[in-house]
Amino acid sequence: MASYLKLIRLPNLVFIAFIQYVMRQVVLMPVLQTYGFENESEMVSIFLLMGATVFIAAGGYVLNDYFDVKIDAINKPDKQIVSNTVSRNAAMRLYQILTAIGIICGLILAFWGRSFTLGFIFVVVPGLLWFYSASYKRQFITGNLIVSFLAALTILVVGITQLAFMQKEFGKLIFETPIPAQFYSWIGGFAIFSFLTTWIREIIKDVEDEKGDREMECRTMPIKWGVAKTKIFLYCLISFTVIGLFLVNEFFIQFPGTLTTRYILFGIALPYAALIYLIAKSKTAANYHQASTLSKVIMLIGVLYCFIFYYLQAKTFGISLFNLFIVK
């Protein structure tokens, strides 16, 4: 059982479910409260969404290890699961079961919400994961961008789902209100941050796995450009992310006070500075693994800004915080 839990990356699945839940409850619901919507109906929809996403993601992790048997035998022989403790046939069956459950949950959600877009997403994404694991991940930049896009989509789909159910209940009039724009402004911001941080982490992982990838004739960034140039690209991408956050805060986030600025500075910019230092000093796969872990922590910190948003939204517009009290 332990091998199967490691194979599906249980901590990652918990993180995915957590992100989707807080995006709805801590970002979208406060926006709705601001416009007078206090209805907490259709809670089943978020659990269906989380189930569909988590099962498809779990299947994707299994499929990834299924195709990476030879690479993992070089890069991490002590941690390899498929072909060591779990046979390739068992891994493929597990992938099929998990993905089928995820697609079924997604299609039920789409049918219930009367959303073609949701149905399309939950049919296309498993196919994209198959081609990614089989081919795209070994190609220059393409694989990194696909994973980053899927990480962003994990967040965006929360807004798509909520709007689908609101349209079902209130009709197209909902799109004549500021609510959709507010949804996509905030959800889109978190999605873009997720895209960029995931891209950074995927590149770091490519450097970490360079030895095995090179043996299998992959065309990842460190193999095609070299480690030195890849590091420069990482520094530029990290700098772009941090500068972008400060610009968004300056021009688009209108909450009074400096709480958001301080959160970006101490919660994200300084850890990213530490990440740049760690990348610059990294020479071994273990060093890059530490950098990869730090990038995951930074992503978590970025997601947790949603609680700061909820607090500032409640304080600015006089809505109740978690339906418990009014912030003054």
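Below are the figures for this structure:
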| quantity | calculated |
| --- | --- |
| In nm, spacing of pseudo-spin labels at residue 173 and residue 261 (7 Å Cα→C-beta vector) | 4.2 |
| Calculated FRET efficiency for the pair residue 37/residue 311, C-beta based, R₀ 22 Å, to 0.05 | 0.70 |
| Listed residues 277, 95, 311, most fluctuating in the chain (Gaussian network, C-alpha, under 10 Å) | 277 |
| Residue (of 234, 13, 177) at the positive-pole extreme of the chain, dipole from beta-carbon charges | 234 |
| Most mobile listed residue (59, 36, 244) in the chain, GNM with C-alpha springs under 10 Å | 36 |
| Cut-off 13 Å between beta-carbons: net charge of the residues surrounding residue 275, Lys and Arg +1, Asp and Glu -1 | +4 |
| Three-way shape label, the chain, alpha-carbon gyration tensor, a/c 1.5 | oblate |
| Dipole of the range 2-326, positive end: most advanced residue of 292, 154, 117 [Cβ charges, Cα centre] | 292 |
| Kirkwood-Stokes translational diffusion coefficient of the range 7-78, alpha-carbon pairs, 4 °C, 1.567 mPa s, µm²/s | 90 |
| Loop-located trypsin sites (Lys or Arg not before Pro) in the range 281-325, at most 14 other Cβ atoms within 10 Å (DSSP) | 283 |
| Around residue 197: net Lys/Arg minus Asp/Glu count, Cβ-Cβ under 14 Å | +2 |
| Inter-label distance for residue 236 and residue 87, nm, one decimal - labels placed 7 Å from Cα along Cα-to-Cβ | 4.9 |
| Among 68, 78, 213: highest mean-square fluctuation, GNM of the chain, C-alpha pairs under 10 Å | 78 |
| Filtered chymotrypsin sites (Phe, Trp or Tyr not before Pro), the range 216-272: DSSP coil and at most 14 other beta carbons within 10 Å | 252 |
| Dipole moment magnitude, nearest 20 debye, the chain about Cα centre, only Lys, Arg, Asp, Glu C-beta charged | 580 |
| Full-extension gain in nm, residue 123 to residue 289, via 0.36 nm per residue minus C-alpha separation | 56.5 nm |
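The numbers here are math on the coordinates, done by the rules we state, and not lab data. Worth saying up front: this structure is predicted, and the values here are computed from it rather than measured. Neighbour counts are summed over all protein chains in view; Cβ atoms, including those assigned to glycine, are modelled from backbone coordinates with ideal geometry.
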